[in-house]
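Structure record follows, encoded as structure tokens.
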Amino acid sequence: MHKVILDTDPGVDDAMALLFLHRHPAIDLVGITTVFGNASIETTTRNALFLKRSWNTAAPVARGIGETLNPERTHVGWPTGIHGEDGLGNIDVPAEIDLPLDPRPAHRFIIETVRANPGEVTLVAVGRMTNLARALRDDPEIAALVKAVVIMGGAFDVPGNITPAAEANIHGDPEAADVVMTAPWPVTVIGLDVTMKTVMTRAALADIAARGGAPARLLADISQFYVTFYEQHVDDGMVVHDSCACAYVVAPELFTTRGGAIRVLCGGIADGQTIQKPDGRIFPPNAWDGLPSQKACTDIDAEAVLKLICETL
Ligand code: BDR
Ligand code: CA
């Protein structure tokens, strides 16, 4: 059984990732922590509570602090054209959800849950890396206590999606991402290199809705706005970025990875770009030296991952 904390900014594909973790029999979802990104922290937290209530998810929700790690960074606007004004495809989410939040801020929730379960917790981060970086900054020892960190973010050998150089989750808080990638814990980065190959068709979404009961029907409703956006950019359907990171936890054999230290550019025209120094390549002394080797995904068995996601949902 994999104990997982999902750090998320729901977000349409985040909603799918959450339902995947809730339903997969090998996952024990022990917490949901929220971060700003697809919408403001108020909205992503409200959405997490809405999904928890709709799907009867036991895991507590802890709210993140709605600021980038570096307070001097200027705010990057929310992509309302992708996830909708409400972050969940404009389905009329109630303004208030009558469920309690965990009293701790997200990064404290992460620290205390990891400390209570040494060596057991996998952190799956599918939004900005802000909460993970804050947790590391407050308590660097947790790096040795976490089982694994799986990130949806970055673009290594392909263009970004928010600028030619950067993917949205990394670009939204590059300083935080650099802290997370360079920490001495085992990180796997599932970036656009593989998620853009993982496209769920409308037919597959309809099949999930037909077979997966009320939670799956809600997910299909939430997804309509996002599918329409993605149909303008990819062939036929929606890119399931965040569910790819969740699939990696239970089926890493469906992914090809490359080892090497990873850094994130902070500033300049390539702000938020992820760059890996491949293991074994020799360079003059540089800013990647002495850092832990992390894994960047370079390929995916997209058909098998999509099948796993559909069957789980
Ligand atoms: C990432 O950005 C968000 O829009 C998605 O939820 C995903 O986590 C893809 O770049
Ligand atoms: Ca996300």
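Here are the numbers:
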quantity	calculated
Within region 141-152, considering residues that are small (Gly, Ala, Ser) and farther than 19 Å from Ala247 by Cα, the one farthest from the chain's Cα centre (by Cα)	Ala144
Contacts under 7 angstrom Cβ, first residue in region 177-192 being more than 20 Å from Gly267 (Cα to Cα), partner modelled with pLDDT under 95, 6 or more apart	Leu192/Asn161
Some residue of region 83-97 being within 16 Å of ligand 2 (Cβ to nearest atom), in contact (Cβ under 8 Å) with a residue 12 or more places away in the chain, among the β-branched types (Val, Ile, Thr) and buried (at least 17 other Cβ atoms within 10 Å of the Cβ)	no
Residue within region 64-87 that is outside any loop (DSSP other than H, G, I, E, B) and either over 25 Å from Gln232 (Cα atoms) or away from ligand 1 (no atom under 14 Å from the Cβ) (or both) present	no
Members of region 43-63 found to be surrounded by fewer than 17 Cβ atoms within 10 Å (Cβ to Cβ) and either modelled with pLDDT under 95 or assigned to a loop (DSSP other than H, G, I, E, B) (or both), listed by number	Asn56, Ala58
Number of positions in region 111-140 that are part of a helix (DSSP H, G or I), crowded, with 17+ Cβ neighbours inside 10 Å and over 15 Å from the mean Cα position of the chain (by Cα)	7
Cross-chain or 6+ apart pairs with Cβ under 8 Å, region 38-57 first and under 19 Å from Met129 (Cβ atoms), then more than 15 Å from ligand 1 (Cβ to nearest atom)	Ser40/Gly66; Ile41/Arg63; Ile41/Ile65; Ile41/Gly66; Thr45/Val61; Thr45/Arg63; Thr45/Leu101; Ala48/Val61
Every residue from region 1-42 that is part of a loop (DSSP other than H, G, I, E, B) and closer than 23 Å to Leu192 by Cβ	Asp9, Pro10, Gly11, Val35, Phe36, Gly37, Asn38, Ala39
Residue tally, condition at pLDDT 95 or above, in a loop (DSSP other than H, G, I, E, B) and either under 25 Å from Met16 (Cα atoms) or among the basic types (Lys, Arg) (or both), over region 92-110	7
Residue within region 221-228 that is free of Cβ contacts under 8 Å to residues at least 24 places away in the same chain and over 17 Å from Val12 (Cβ atoms) present	no
Those residues of region 170-186 which are among the hydrophobic types (A, V, I, L, M, F, W, C) and surrounded by fewer than 24 Cβ atoms within 10 Å (Cβ to Cβ), in sequence order	Val179, Ala183, Trp185
Filtered residue count, region 229-238, keeping only those that are exposed (fewer than 13 other Cβ atoms within 10 Å of the Cβ) and farther than 18 Å from Leu306 by Cβ	1
Sole residue being in contact with a helix residue (DSSP H, G or I) (Cβ under 6 Å, 6 or more places away or on another chain), more than 15 Å from ligand 1 (Cβ to nearest atom) and not hydrophobic (A, V, I, L, M, F, W, C), chosen from Arg211, Arg258, Arg217, Arg281	Arg217
Meets criteria (within 16 Å of ligand 2 (Cβ to nearest atom) and modelled with pLDDT of 95 or more) for Leu265	no
Cβ-Cβ under 7 Å pairs, at least 6 apart or on other chains, region 200-216 side more than 16 Å from Ala17 (Cβ to Cβ) and without any contact (Cβ under 8 Å) to a residue 60 or more places away in the chain, far side among the charged types (D, E, K, R) and surrounded by fewer than 16 Cβ atoms within 10 Å (Cβ to Cβ)	Thr201/Asp236; Ala209/Arg217
Unmet requirement for Ile162, which otherwise passes all of (1) within 12 Å of ligand 1 (Cβ to nearest atom); (2) assigned to a helix (DSSP H, G or I)	(2)
Filter pass, Val189 being touching a Ser or Thr at 6+ places or on another chain (Cβ under 8 Å), β-branched (Val, Ile, Thr) and within 16 Å of ligand 2 (Cβ to nearest atom)	yes
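The values are calculated or read from the model by the stated rules, or taken from the named source; none is laboratory data. Bear in mind that the values here come from a model prediction, so they are computed numbers and not experimental data. Every residue, glycine as well, gets a Cβ built from its backbone with ideal geometry; the counts of neighbours run over all protein chains shown.
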